Amino acid sequence: MSMPERMERDSGMARPIKVLLVDDHEMVRIGLAAVLDTEEGIEVVGEAGNGAEGIRLATAYAPDVVLMDLVMEEMDGVETTRRLMEIMPECKVIVLTSYLDDSKMYPVIEAGAFSYLLKTSRASEIAEAIRAAARGQSVLESQVAAKMMSRLRQPKQPVQKPPHEDLTEREMDVLMLVAQGLSNQDIADKLFISIKTVKFHVTNVLNKLGVEDRTQAAIYAHKHDLAVD
């Protein structure tokens, strides 16, 4: 334990929670800083106007908590959160945004966001979320929590396997040769089967892949890395 930490423990004084603000709206940052500076035990150590600057300041100041906007130029909140978690996994990112749509909410949570709040939250709620994050407790805005619960309740859709997995081993052989541009006669000679059998297999391949002709079958094979050069 370092000397400052020992002195804090012996004196009963707790180190303030260091907070970094990352938002591309200066007035939002000014307002947040003014409010949080009045909160006991919370210290705003820096303000960044975009994600790239946020990464630089986080590296310099090692904040405990980052209040993160989502929509920013140069680097958005999702990518910033992802990079922060790579270099500072102990840091807690609290998303503070106006957006509640799935296209923004779930990616940033998957990137490692610890809490998710809307900018309509009261100052006291934001401060409490910061204190909760410092204690290792996540906070979700009630609307966010409701959306997540709704999504979890939805039945999972079965994973659709690609059509070529229904091909037999011989049909797969025929498909790969079709993809190489071989004619029915060439395929018959190569596989030691009759042309009639080749045509039978080609028809099955087209039907199973849901394509209309040999050209489309060849394109499918190349697209799915089934063709052998």
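Worth a mention:
- Scanning region 174-187 for residues being assigned to a helix (DSSP H, G or I) and surrounded by fewer than 19 Cβ atoms within 10 Å (Cβ to Cβ) gives a total of 3.
- Checklist (1) farther than 30 Å from G112 by Cβ; (2) of a type outside the set (A, V, I, L, M, F, W, C); (3) in a loop (DSSP other than H, G, I, E, B) applied to Q160, failing item: (1)
- For region 26-40, the set of residues classified as outside any helix (DSSP H, G or I) and in contact with a helix residue (DSSP H, G or I) (Cβ under 7 Å, 6 or more places away or on another chain) consists of E39 only.
- Residue selected from region 142-165 under the condition surrounded by fewer than 13 Cβ atoms within 10 Å (Cβ to Cβ) and closer than 15 Å to K208 by Cβ, by the criterion modelled with the lowest pLDDT: Q160
- Residues within region 41-71 that are in contact with a Pro (Cβ under 6 Å, 6 or more places away or on another chain) and among the acidic types (D, E), tallied: 1
- Counting only residues that are within 10 Å of A179 (Cα to Cα) and either crowded, with 16+ Cβ neighbours inside 10 Å or of a type in the set (S, T, N, Q) (or both), region 197-227 holds 9 of them.
- Among the residues of region 110-129, those identified as within 23 Å of the chain's Cα centre (by Cα) and surrounded by 14 or more Cβ atoms within 10 Å (Cβ to Cβ) are A111, G112, A113, F114, S115, Y116, L117, L118, K119, A129.
- The set of residues from region 188-229 being of a type in the set (V, I, T) and either farther than 14 Å from V174 by Cβ or part of a helix (DSSP H, G or I) (or both) comprises I195, T197, V198, V202, T203, V205, T215, I219.
The values are calculated or read from the model by the stated rules, or taken from the named source; none is laboratory data. The shown structure was predicted, so the numbers you read here are calculated from the model rather than taken from an experiment. In this analysis, Cβ positions are derived from the backbone assuming ideal geometry, glycine residues included, and neighbour counts consider all displayed protein chains.
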